[in-house]
Amino acid sequence: MTMLQQSRVADVRRRVTDAEQSLVQRHGVFGDSIRHTLGQLRHGLDRAHEQCGSVGDRAWAEYVSDLDRGLSALDSEVARAVEAPNGGPAVTDTLVIHSTALELTGWRLRFSLLDEASGDRSTVEKHLSMAEQELQRCRTAQANGDQVGTTSLEQSVRALRGV
């Protein structure tokens, strides 16, 4: 791993860890779920960013800015879910859905770096597409007030991390 990659990965890890600590501080009753979900996000972004040294400085800055906005939105959505009448399940679903969206953005960036002829590209594309479809299904269910069920989403992201 190059120094640039190490620096970028460390910066992203710090941002996610800061967001995690802030969420746990304000919503300690959900601390275990917060720590678990954001730990999974860190792990997934570590994998997604394995080739981040190839990303241009401007594109990386935009990506990190989007990540910051996404972490801020996650914070707001968790606060809203905590206040919801069904509490716990809504918080857990919100954590999984929003953190998965952030991770998939990192994977989308990695996918953009893969050579068109690479066998890895088609594998990543297949798994990324499946995860994005599951994410959309969960978002739709959540927006409609239906039971979300994030198991398939989590499985599709685990498969993506394995490529």
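The values are calculated or read from the model by the stated rules, or taken from the named source; none is laboratory data. What you see is a predicted model; the values in this text were computed from it and never measured. Ideal geometry is used to build each Cβ from the backbone, glycine not excepted, and the neighbour counts take in all protein chains shown. Areas reflect the complete protein model, heavy atoms only, side chains present, ligands, DNA and RNA absent. Shrake-Rupley method; radii C 1.70, N 1.55, O 1.52, S 1.80 Å.
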Over the chain, give the accessible area per residue in Å² for a 1.4 Å probe, as an integer.
-> 52 Å²
In debye, nearest 20: dipole of the chain around its Cα centre with unit charges on the Cβ of K, R (+) and D, E (-)?
-> 180 debye
Using only the alpha-carbon atoms of the stretch 1-142, report the extent along each of the three principal axes, biggest first, to the nearest angstrom.
-> 50, 31, 22
As computed over the stretch 98-148, the Cα convex hull volume per residue (Å³) | 61 Å³
³J(HN,Hα), Karplus 6.51/-1.76/1.60, whole Hz, each residue of the stretch 132-147, x for Gly, Pro | 5, 5, 5, 4, 4, 4, 5, 4, 5, 4, 5, 5, 7, x, 7, 5
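In whole percent, how big is the carbon plus sulfur part of the accessible area of the chain, probe 1.4 Å, protein atoms only?
Here carbon and sulfur together make up 48 percent of the probe-accessible area.
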